[in-house]
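Read through the structure below, which is laid out as structure tokens, and then see the notes.
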């Protein structure tokens, strides 16, 4: 029989000094970095939109009128289905905010459903307003489309 006097039972214990248990852990540094970059990107986009809204509000308050035109719709169906889709496609080419006014209602020119909801018929006079860096070009292009 062995002499066990003065010894400790070390069965089941580990010397963990200076070592790390890496079993089952993942390297999440890459994932966190990706999420952080995405968050910064969306934050920058929100700031840009906020800045743009603020600038538009300031222009209105100072009395700078938004350029607008009055156009008689020349399409036989008015601004419905295909003509409306073409109008929306043209409006989406520009960065400016474009609004269409008809019968006391307004719609975003970049929204097909909004434009269809106005129910613009042939011969109707609509007002198109644009606000932004390329507003004049947008109005000229949309006038061509609306006249048919």
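In the list 66, 1, which residue meets the criterion of being at pLDDT 60 or above and in a loop (DSSP other than H, G, I, E, B)?
On the way: 1 fails: at pLDDT 60 or above.
Answer to the check: 66.
So is residue 91 part of a helix (DSSP H, G or I), at pLDDT 90 or above and in contact with a strand residue (DSSP E or B) (Cβ under 6 Å, 6 or more places away or on another chain) or not?
On the way: part of a helix (DSSP H, G or I): yes; at pLDDT 90 or above: yes; in contact with a strand residue (DSSP E or B) (Cβ under 6 Å, 6 or more places away or on another chain): yes.
Yes, satisfied.
Taking the criterion of being in contact (Cβ under 8 Å) with a residue 24 or more places away in the chain and either over 20 Å from the mean Cα position of the chain (by Cα) or not assigned by TED's automatic domain parsing to the domain that holds residue 141 (or both), the residues of region 102-122 that qualify are 102, 116, 118, 119, 120, 121, 122. Does residue 75 satisfy being at pLDDT 70 or above, outside any strand (DSSP E or B) and in the same structural domain as residue 110 (by TED's automatic domain parsing)? In short, yes.
Pick from 18, 30, 6: which is part of a helix (DSSP H, G or I), at pLDDT below 65 and surrounded by fewer than 10 Cβ atoms within 10 Å (Cβ to Cβ)? Before the answer, list the steps.
Values: 18 fails: part of a helix (DSSP H, G or I); 6 fails: part of a helix (DSSP H, G or I).
Only one candidate passes the filter, namely 30.
Only one entry of 130, 135 meets the criterion of being closer than 21 Å to residue 56 by Cβ and either buried (at least 20 other Cβ atoms within 10 Å of the Cβ) or in the same structural domain as residue 51 (by TED's automatic domain parsing) (or both), and that entry is 130. Of 99, 92, 50, all but one fail to be within 18 Å of the chain's Cα centre (by Cα) and touching a residue at least 24 places away in the same chain (Cβ under 8 Å); the exception is 99.
Residue check: residue 87 meets all listed conditions (1) crowded, with 18+ Cβ neighbours inside 10 Å; (2) more than 16 Å from residue 148 (Cβ to Cβ) but one, namely (2).
The residue that is farthest from residue 145 (Cα to Cα), among those in region 94-120 that are part of a loop (DSSP other than H, G, I, E, B) and out of contact with any helix residue (DSSP H, G or I) (no Cβ under 9 Å at 6 or more places or on another chain), is 104.
The values are calculated or read from the model by the stated rules, or taken from the named source; none is laboratory data. Please read all numbers here as calculations on a predicted model, not as lab measurements. Note that we place each Cβ from the backbone using ideal geometry, even for glycine, and neighbour counts take in every protein chain shown.
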